[in-house]
1. Given the conditions (1) within 9 Å of chain A (Cβ to nearest Cβ); (2) open to solvent by 30 Å² or more (accessible area, probe 1.4 Å); (3) more than 22 Å from residue B:195 (Cα to Cα), which single one is not true for residue B:75?
2. Look through the range B:94-113, keep the residues that are in contact with a Leu (Cβ under 9 Å, 6 or more places away or on another chain) and either small (Gly, Ala, Ser) or within 16 Å of residue A:72 (Cα to Cα) (or both), and return whichever of them is most open to solvent (accessible area, probe 1.4 Å).
3. Only one residue in B:123, B:150, B:109 is under 27 Å from residue B:39 (Cα atoms), facing chain A (nearest Cβ under 8 Å) and at pLDDT below 95, so which one is that?
4. How many of the residues making up the range B:288-312 are open to solvent by 40 Å² or more (accessible area, probe 1.4 Å) and of a type in the set (A, V, I, L, M)?
5. Scan the range A:114-130 and tell me whether some residue there is touching a residue at least 60 places away in the same chain (Cβ under 8 Å), among the small types (Gly, Ala, Ser) and within 14 Å of chain B (Cβ to nearest Cβ).
6. Please work out if residue A:29 is under 24 Å from residue A:177 (Cα atoms) and within 13 Å of chain B (Cβ to nearest Cβ).
7. Free of Cβ contacts under 8 Å to residues at least 40 places away in the same chain, open to solvent by 20 Å² or more (accessible area, probe 1.4 Å) and at negative phi - does that describe any residue in the range B:114-128?
8. Just one of the numbered conditions (1) of a type outside the set (Asp, Glu); (2) outside any helix (DSSP H, G or I); (3) open to solvent by 20 Å² or more (accessible area, probe 1.4 Å) is not true of residue A:134; which one?
Amino acid sequence: MKERILTYAEAIREAQEQEMARDSSVFMFGMGVDDHIAMWGTTAGLQKRFGASRIFDTPLSEDAMTGVAIGAALAGLRPIHAHIRMDFLLLAMNQIVNIAAKARYMYGGSVNIPAVFRSVIGRSWGQGAQHSQALYSFFMHVPGLKVVIPSTPYDAKGTLIQSIRDNNPVVFIEHRMLHTMKGHVPAKPYTVPFGRARVLKQGSDVTIVGISYMVPESLRAAHLLEDAGIRVEVIDPVTLAPLDMDTILRSVKKTKHLLIADNAWPTCGAGAEIIARIVEYFQKEKLALPKLERLGFAATTCPPSRPLEDRFYPNPRTIAEAAHRLLHGRRPWTAKGEISKEIAEFRGPF
Amino acid sequence: MKSISHETLYRSLYRIRRVEEEIARVYPTDKIQSPVHLSIGQEAVSVGVAEALKPQDAVFGTYRSHALYLAKGGDLKKMIAELYGKHTGSNKGKGGSMHLIDVRVGVMGASAIVGTTIPQAVGFALAIRYRGDRDRIAVSFFGDGGVDEGVWHESMNFAALRKLPVIFICENNFYAIHSHERARHARANIVERARAYGMPAERIEGNDVLKIYERARRARQAITAGKSGPIFFECMTYRWRQHVGPGDDYDQGYRTKKELEPWVKNDQLPRIGNLLAPKKRAAIERAVEREIKAAFAYAEKSPFPKVEELFTDVFA
């Protein structure tokens, strides 16, 4: 069968278009969804097809607009609220954490909140302190929320359709550098279930769990490690809540080495949670503890200055070197692969 | 002018007052092990507005929502059971007094975080518009403290921008917990602020249940006839009891009993009761007392949730 190649951004656009066509209760809004940038193409042409009542721009009122999404969901609609930066979700935390996550529970099961909160994370160039944060662990902390963070175009479409059809609030996270990546995307609507991690590359020496953009970066690191004769297993959790620990545990039992390549700060992060659960599991099963390490953003605020920014983020070289250290301790080994293609080629300003 | 039945109004006012007095009476027994924010003194606002609404209309409230819940038709037995933490409660014992809900009659929930349900009412109104429902509106209830929140301003703006079918009811009881409006607002101009966002706004003095009903009825009519977008009312009222809990707090220094006096003198309960024939009034009161007794008995004998219920309803 011939592959149908789309970018990640096109896959997101298609998921929304197909769901809006299928179900008239699906509608979307957010800052800039109908402008010429169209959230980097992810909403392109949707207003032309569905009209301004079903997809519209909003005032800069993240708090109220999140409440509007929840109120519309309480009335039976299925809103998608889109944010061009995840940093803006900080203005919506009260509505998401205090209402969306809790409504079904505290209202005794008498309501559902089928809302999707899309947000974009990631570096591109010099986005600095407040346009670079990936705050997904905040949402993992709260019962009642689903946290979805696909890394491939195929999963982007499938998990977004699943998010829209899910009767719970879903925080859906896209990395800027993934938007332009290409992959096979079937034309028909399909869903990708939550809570099933993908083993994207099999290997027996070390497991690398990548999150979001750190998935392709980890695959590149795996390639570098092959030169050193190290066979890497790369896992993409796809969703962080629910989190498929079974797939990760199976891999770690085999490789006895785990590196988390997180796309956020390691402290109290997704990687911290994964490692805590692994430690609990191995302890309970009376198994020898594997070697474990987290890699993520540097423990500082993200600077825009390029040499500093390059040190702030993990990259294929730092991931590969960390994995090598995990296996071989301090034995000297250096890899190449500092700056990946899409980062080197990126031009702003937006 | 279509006049409201005084019997209906009295029944609702009396029922809420007596339910809350009963809650206050029972509270020291520790059968209600959760905070209660009593509406005593403020019933007229919820009753006046709710009587002007239809069952399909949605209301969103605050943690002080016993009056709103009951006035809109919320189930009394389920409410008391909820306060008792019982499985038969309106929220299966998982919400408590601050989050009463009864979707069947359009009581769409209440929040303990001030201002939080305001945009939800606006979103519900957006959905009404989206679906093209003609004879339906949403109503947002909040206090003068809610006006302090940024989300109030954002919500006013969006509702007016979209001309949404929503009525905003500010229950101004002068206090955000123990902080007087004077200490929080540079100017006592809540209605001017609402007007600035592009909607008609009126201040209704004196906790006047008949006036509140009449204004709300006309507002609903204008909105459902497509003649108006959102409409705002600031209803002046007074909380007689503590911010939270069953007692009063005039000995605590932040307000005086003298401040309360005009509100007691102007109490809407005897005002409307005196418009009824004594026999009729007594019959209403007897029926309500029976209902309240039955509701507390129902709560008493209802089972607590099973421990497994701790984990149900987290996800749909």
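1. Status for residue B:75: all satisfied but (1).
2. Among those residues, the one meeting the criterion is B:103.
3. B:109
4. Qualifying residue count for the region: 4.
5. No: the range A:114-130 contains no residue that is touching a residue at least 60 places away in the same chain (Cβ under 8 Å), among the small types (Gly, Ala, Ser) and within 14 Å of chain B (Cβ to nearest Cβ).
6. Details: under 24 Å from residue A:177 (Cα atoms): yes; within 13 Å of chain B (Cβ to nearest Cβ): yes.
So residue A:29 fits the description; yes.
7. Checking the range B:114-128: not a single residue is free of Cβ contacts under 8 Å to residues at least 40 places away in the same chain, open to solvent by 20 Å² or more (accessible area, probe 1.4 Å) and at negative phi.
8. The one condition residue A:134 does not meet is (3).
The values are calculated or read from the model by the stated rules, or taken from the named source; none is laboratory data. Being a predicted model, the structure only gives us computed values, none of them experimental. Backbone-built Cβ (ideal geometry, glycine too); neighbour counts: all protein chains shown. For the accessible areas, the whole protein counts, side chains as well, though only heavy atoms, and no ligand, DNA or RNA atoms are used. Shrake-Rupley method; radii C 1.70, N 1.55, O 1.52, S 1.80 Å.
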